[in-house]
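Just so it is clear, none of the values below were taken in a lab; they were calculated from the coordinates. Since the structure is predicted, the reported quantities are computational estimates derived from the model, not experimental observations. No Cβ is skipped: glycine too gets one built from the backbone with ideal geometry, and neighbour counts run over all protein chains shown.
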Amino acid sequence: MDFQIPDEYLELKKMVRKFVESELFPLEQEIINRESARGTTDMPSISPEVEKHLMQRTEELGLWGLEVPEEFGGQDLGALAKIVVVEQMNRSIVQYTLPPDAPNLNFLKECCNPEQYEKYLVPYATGKKRSALAMTEPNAGSDASAISTRADFKNGKWVINGTKAWISYAPKVDFFILIAINDKAKGKKGGFSAFLVDKGTPGLKIERNVNTIGDMFAYELVLEDMELEPSQVLGEVGYAFIPLQNRFGVRRIELAARCCGYADRLIQLMIDQANIRVTFGKTLAERQAVQWWISDSMMELHAARLMVYHAAWKVDQGHKDMRKEAAMLKVYCTEMLSKIADRAIQVHGGLGLSKEMPIEYIYRLVRIFRIVEGPSEIHRWLLAREILKDGKPYETFK
Ligand SMILES: Cc1cc2nc3c(=O)[nH]c(=O)nc-3n(C[C@H](O)[C@H](O)[C@H](O)COP(=O)(O)OP(=O)(O)OC[C@H]3O[C@@H](n4cnc5c(N)ncnc54)[C@H](O)[C@@H]3O)c2cc1C
């Protein structure tokens, strides 16, 4: 058994950590100010100039396409390398996704035909195109099988009608992976399809943005008699449910790694504050309540990190069914970060509540994490269902 990560990943970690501290930390106040200035508009929290600069810098540092196979222009380093980088990048509140965003990449890798490889997968894998997933609807979120957007095959074309809700990045992407029902009676087995939809396709309208807690917003899409060619079906007609679930699994592991990055930052801030802040003649570090917040936070982060790295290692070993790990990680890591963010505010008092530190920002952001990519309750339910079906506890080592 080896609990060490390879030396080259430790070097990668060191390099990204330095980049984050020297180049992202100084941008944080601007991120906070832009979020406050946004109101209910969709002004992004990173200005276009800063985003362009970050794109250039991260490309120079060789941080793009870490897990992308070489045949698609990537570095083929695998899930563990990606997790090391994602954790470090998310020690900062500058929310910046290293191209390509891995979950849709996985969907494309699993389902693209050779023609789609060239048009969508390769440009996406090399950061030249962006994409979004359009699955959720006003009446179907956790329960993907309840979506009602229709795909009808008429006169040699697919005609799409429906409404999609909460679609991130919609105006910025080059194409969508859109999920629609082609045969209600067949449901998940034969009736649930994915389509590649280019931006600007007639019949596709970005209706409005909806802002949420935690520096996030998403968009409503209206699809009215949108016509698609048969070549725009992604994968086999009617069989998109399993690739969609596989995509969610990848996102959940990454989200858990993000939580570890934020938690690490918050614990550092707690330690620093506890060592310098004096009340009633003693530092906070000498108060047992504060010591316990710090040690509980440290234990929880350590456990979470081991779970995340174990899951990434399993992916690199070729394990395909990561449903149980993804469910455990999603719940444990998002709830871990919620608790740590709350304690970090408490240690800092008024300062923790202020917009002069990143703590309250993370506190609000993590509230979203407990809902997106499946609420905690769904993951607890799915995990229990799997374990009860197996009739035995999850085996960490087999
Ligand atoms: C900022 C943001 C960005 C998003 N981006 C995207 C995107 O890019 N693409 C996309 O397709 N979607 C996106 N979503 C949608 C997101 O994935 C859904 O909001 C999420 O899956 C939950 O669905 P829902 O909001 O419809 O909640 P519901 O399904 O209505 O669930 C509400 C609550 O009911 C409870 N619940 C539901 N079912 C059960 C059950 N079986 N057992 C116990 N409790 C249950 C849970 O507590 C849950 O929180 C985004 C959402 C947000 C807020």
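Numbers at a glance
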| read-out | value |
| --- | --- |
| Shape of region 38-171, Cα gyration tensor, a/c cut at 1.5 | oblate |
| Relative contact order of the chain, pairs being alpha-carbon contacts under 8 Å that are 6 or more residues apart, as % | 15 |
| Computed lengthening from GLU51 to GLU386, 0.36 nm per intervening residue step minus Cα-Cα distance | 116.4 nm |
| Highest average packing first - 380-389, 187-196, Cβ atoms within 10 Å | 187-196, 380-389 |
| Point-to-point label distance, ARG34-SER168, nm (Cα→Cβ direction, 7 Å offset) | 1.6 |
| Tensor-based shape of region 48-92 (alpha-carbon gyration tensor, a/c under 1.5 rounded, otherwise prolate or oblate) | oblate |
| LEU351/THR41 FRET efficiency (R0 45 Å; Cβ-Cβ; nearest 0.05) | 0.95 |
| Calculated [θ] (222 nm, deg cm²/dmol) that DSSP helices of n ≥ 4 give over the chain, each run adding -39,500 (n - 2.57) | -15000 deg cm²/dmol |
| Mean separation of Cα contacts under 8 Å (6+ apart) over length of region 7-125, as relative contact order % | 29 |
| Separation of the ILE276 and LYS13 label points, Cα + 7 Å toward Cβ, nm | 2.6 |
| Highest-fluctuation residue, ASP316, ASP342, ASP272 considered, GNM on the chain with Cα pairs under 10 Å | ASP272 |
| The chain: DSSP helices with Cα axial extent of at least 20 Å and average Kyte-Doolittle hydropathy no lower than -0.5 | 241-276, 288-316, 323-348, 376-390 |
| Computed label-point distance, nm, for sites GLU229 and ASP296 using a 7 Å Cα→Cβ extension | 5.9 |
| Whole-number percent relative contact order across region 242-390, with pairs defined as alpha carbons under 8 Å at least 6 apart | 30 |
